[in-house]
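**Student:** The structure that follows is given in the form of C-alpha cells.
Read the figures in this text as sums done on the coordinates, not as results from a lab. Since the model is a prediction, treat every value here as computed from it, not as a measurement. A quick note on method: Cβ atoms are made from the backbone with ideal geometry, for glycine too, and the neighbour counts reach across all protein chains shown.
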Amino acid sequence: MTAKRVVLIHVQNLERETVYFNAGALNLQVGDTCVVEHGGLRLGVLMGELEAGEGLSEQLENVVRMASPSDIETYRYNQADAERILSSTREVIAHHELPMHLVAAEYTLDRKQLRIYFTAPHRVDFRALLRDLASRFGTRIELRQMGARDEARIKGGLGRCGLEICCHRFLRETNPVPMEMAYDQELFVSPERITGACGRLMCCLAYEHEAYQQELAGFPKLGAQIEWNEKRGKLISHNIFRKTVTLLTNDRERLEVNVSEIKVLRPGKKRRR
C-alpha cells in the first residue's frame, strides 16, 4: 500500500497552531493556503510534508480543499466582525456582573462556532452567560479562559529589546519562567526590568539558562572567600564569557581576575531562594 500524504499546516487561528493533517489526494505545495477541519473549518498555510506509513493519516484531521478567494474573503470578514462581537459580549458580561476581561474572539470559517477568549482572577461560572450569547449570536459558543502569558501571545506588542514579543512572533508554547533563572544569571535588577508585557518574567530569560548553569558549575559560588595575588576577599560576581570573577577585597577594593588564578579559601553557601 502506498504511503499517505501527511502535511504540516500553520492554522490561521488566534492560537496560531502548527498541526499535522491528512492531505488525502489534494495537490498541495508549500505556501499554499487551504481549508482544514480543526474544531470547525479554518484556514491554514502548508509548511511542509511528512512521509507517513499506513494508518497514521487516518488518525489525523483532514485538509478539506484548497482555499478559494471566497474563503479568504470570508476569513477577513470574520476577523473584522470579531470587534463587533467583543463589544456586544461586553454588554452581556456587564449585565451578568461577571469579573471577566475579554481578550479576543474568532469565528470558524463557516461561522458555525464562535470562540471567545477571556481572562479572570479565578474560575467563572458562565453558564447563564453562555446561554445568552448563544441566543444573541445564533451559533455555538465556546468560552476559553486563559492566563496573562496567553493574552500577550494573542495580542502581541513590543518587548524591552524593541522587537515584537517572542511569544507572538515565534514561540508556540509559553512555559513558566521561575525567578531562579534570573538568580542563576545574576540579574540583580528591579523586577520591572525583567518583566514582559504579560506582567510575568520575560521568556528570553530561559534561552541561555542552561548555558549559564553549565558554565557556572566550574566557578566558585557567590560569597566564597578567595585569594588572588596575596589579596583576600569575597567573590561577588561571575563573568562566564570572560572566565573571570569579581573579588571584593578586605580593603574594599574591587578586582576582576581570571577564575583560573584564584584560590578558594572557603566555599560560598548555596543561595536561599
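**Student:** At 7 Å along Cα-to-Cβ for each site, give me the label-to-label distance between residue 62 and residue 200 in nm.
**Tutor:** Between residue 62 and residue 200, the simple spin-label model gives 3.7 nm.
**Student:** Gain in length, residue 81 to residue 125, computed as 0.36 nm per residue apart minus the alpha-carbon separation, to one decimal in nm?
**Tutor:** On the way: separation 44, 0.36 × 44 = 15.84 nm, distance 2.62 nm.
So the extension gain works out to 13.2 nm.
**Student:** Turning to a different aspect of this structure: From Cα pairs below 8 angstrom and at least 6 apart in sequence, can you work out the relative contact order of region 4-67, rounded to a whole percent?
**Tutor:** Details: 147 pairs, mean separation 27.5, N = 64.
Relative contact order comes out at 43 percent.
**Student:** How far is the Cα center of region 168-219 from the Cα center of region 92-163, in Å?
**Tutor:** So the separation of the two Cα centres works out to 29 Å.
**Student:** For the chain, what does the helix formula give at 222 nm: sum of -39500 (n - 2.57) over DSSP H segments with n ≥ 4, over the residue count, nearest 500 deg cm²/dmol? Don't skip to the answer; put the middle values down first.
**Tutor:** Numbers: 6 runs with 65 residues, N = 273.
After summing the helix terms and dividing by residue count, I get -7000 deg cm²/dmol.
**Student:** In debye to the nearest 20, how big a dipole does the chain give about its Cα centre with +1 on each Lys and Arg Cβ and -1 on each Asp and Glu Cβ?
**Tutor:** Values: 40 positive and 37 negative charges, 242 e Å.
Computed about the Cα centre, the dipole is about 1160 debye.
**Student:** Tell me, what is the FRET efficiency for residue 269 and residue 171 to the nearest 0.05, using R0 = 25 angstrom and their Cβ-Cβ distance as r? Don't jump to the answer; show the numbers that get you there.
**Tutor:** On the way: r = 36 Å, r/R0 = 1.42.
So the FRET efficiency works out to roughly 0.10.
**Student:** With each pseudo-label sitting 7 Å past Cα toward Cβ, what's the residue 139-residue 73 distance in nm, one decimal?
**Tutor:** 1.8
**Student:** For residue 263, give me every one of the lysines with a C-alpha distance below 24 angstrom, ignoring sequence neighbours fewer than eight places off in its own chain.
**Tutor:** Output for residue 263: 221, 231, 234, 243.
**Student:** Treating the angle as unsigned and between 0 and 90°, give the value, to the nearest 10°, between the Cα long axis of helix 127-137 and the longest Cα principal axis of the chain.
**Tutor:** 50
**Student:** For region 218-266, what is the charge dipole size about the Cα centre, in debye to the nearest 20, if Lys and Arg each add +1 at the Cβ and Asp and Glu each add -1 at the Cβ?
**Tutor:** Values: 10 positive and 6 negative charges, 37 e Å.
In debye, rounded to 20, region 218-266 gives about 180.
**Student:** Report, by chain and number, residues whose modeled amide H sits under 5 Å from the one on residue 50, excluding near sequence neighbours (fewer than 5 apart, same chain).
**Tutor:** HN-HN under 5 Å from residue 50: 6, 7, 8.
**Student:** Another one. Under 10 Å, Cα contacts only: if you run a Gaussian network model on the chain, which one of 252, 172, 111 comes out with the highest mean-square fluctuation?
**Tutor:** Judging by the Gaussian network model, the answer is 252.
**Student:** Roughly how big is region 1-156's charge dipole about its Cα centre, with Cβ charges of +1 (Lys, Arg) and -1 (Asp, Glu), in debye to the nearest 20? It would help to have the intermediate numbers written out before the result.
**Tutor:** Working: 20 positive and 22 negative charges, 85 e Å.
Once rounded to the nearest 20, the dipole reads 400 debye.
**Student:** Nearest 10 degrees is fine. How inclined is helix 69-96 to the longest principal axis of the chain, computing both from alpha carbons?
**Tutor:** 80
**Student:** Right, next: Test of understanding: what is the full-extension gain from residue 239 to residue 101, defined as 0.36 nm times their sequence separation minus their Cα-Cα distance? Could the numbers behind the result be given before it?
**Tutor:** Working: separation 138, 0.36 × 138 = 49.68 nm, distance 4.36 nm.
Computed gain between residue 239 and residue 101 is 45.3 nm.
**Student:** Suppose the chain between residue 211 and residue 261 were pulled fully straight at 0.36 nm per residue; how much longer would it get relative to their current alpha carbon spacing?
**Tutor:** Values: separation 50, 0.36 × 50 = 18.00 nm, distance 2.26 nm.
Difference between extended and current length: 15.7 nm.
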